[in-house]
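The structure appears right after this line, and notes come after that.
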Amino acid sequence: MTLTATASIIQTDSLNVYYDDFKALKNIQLNMKEKAVTALIGPSGCGKSTFLRTLNRMNDLISGFRVEGNIFIKNENIYDTKVDVVDLRKQVGMVFQRPNPFPMSIYDNVAYGPRIHGIKNKVVLDELVEKSLKAAALWEEVKDRLNTSAMGLSGGQQQRLVIARVLAIQPEVILMDEPASALDPISTSKIEQLILDLKEKYTIVIVTHSMQQAARVSDETAFFLNGEVVEFAETNKIFTNPQKQQTEDYITGRFG
């Protein structure tokens, strides 16, 4: 099956996900727009992180994982047997819940991905590191200590460093799994502003437990419940005029 060209960069078609006999995702149909932020909300265990990880095939590493249906990114079926998963993860970068800098220098953290993908020229690497740190709003804070350990940065700085590390491999899509949940309010605000800045160049899909955060940063929101997408619409509509009772119950705090 090939989908026609569209404004959507990510499209899922009859997506079902299983872990052994457990059906974690049920018939997911989502089209996510290019250079926009899509938020995935819902109670714990509803399938939103599982769905996020299907988009760069991180679930492939989990025993018993099985997928039915299709996911297209830029009209390519990413579960096709011909797809190079390393190339896919270069195209679709990921930021996790807790900052996970490598135990090496700030510079080497950002240069790590480009080096893995064959870039050895120091001038090119220097430019990529500076450009990526600037894009992650971290350059001014670390430019004088690039050769010091990344482990010495604050939690918020570490998370922006991880984002810079993702940007250095020049992806088109950035997945974020609750990127601010381990951070203080000031660091969270910086990450949210960064998301708004980055969507000018990148497509962003973010899992968040914070409905306030979803309302602040996203263009569209998908509400997940029990492995299904109950409702998917413009964020403003989801929060001010939801069409489904379950959505209204969740965003008004009646459950979850």
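Nothing in this text is a laboratory measurement; each read-out follows from the coordinates by a stated rule. Model, not experiment: these values are computed from the prediction. Backbone-built Cβ (ideal geometry, glycine too); neighbour counts: all protein chains shown.
With a cut-off of 8 Å between alpha carbons and a minimum separation of six or more residues, what is the relative contact order of the chain in percent? Across the chain, relative contact order equals 27 percent.
A P(r) calculated from all alpha carbon pairs of segment 9-152, with 10 Å bins opening at zero, reads 10, 32, 29, 22, 7, 0 percent. Computed from the Cα positions only, the extents of segment 184-254 along the three principal axes stand at 33, 26, 23 Å, in decreasing order.
Once you reduce segment 120-172 and segment 1-74 to the center of their Cα atoms, the two points are 29 Å from each other.
Identify which of T240, T208, T188 has the largest mean-square fluctuation in a Gaussian network model of the chain, with springs joining Cα atoms closer than 10 Å. Comparing T240, T208, T188 in the GNM, the peak value goes to T240.
Among S63, S105, the order by Cβ neighbours within 10 angstrom, fewest to most, reads S63, S105.
Dipole check for the chain: with +1 at the C-beta of Lys and Arg, -1 at the C-beta of Asp and Glu, and the Cα centre as origin, the magnitude is about 380 Debye. Computed over the chain with a Gaussian network model linking Cα atoms closer than 10 Å, the most mobile of N121, N77, N59 is N121. In terms of packing, defined here as the mean over residues of other Cβ atoms within 10 angstrom, the peptides 245-255, 7-17 line up highest first as 7-17, 245-255. The base-10 log of I(q)/I(0) for segment 8-251, evaluated at q = 0.14 Å⁻¹, reads -0.92 [Debye formula, identical scatterers on Cα atoms, solvent excluded]. So, counting K/R as plus one and D/E as minus one, what does the shell of residues with Cβ under 14 Å around K237 add up to? Local net charge: -4. Across the cross-link table entries K131/K237; K33/K190; K23/K134; K48/K134, which are compared at the Cα atoms, the separations over 32 Å belong to K131/K237; K23/K134.
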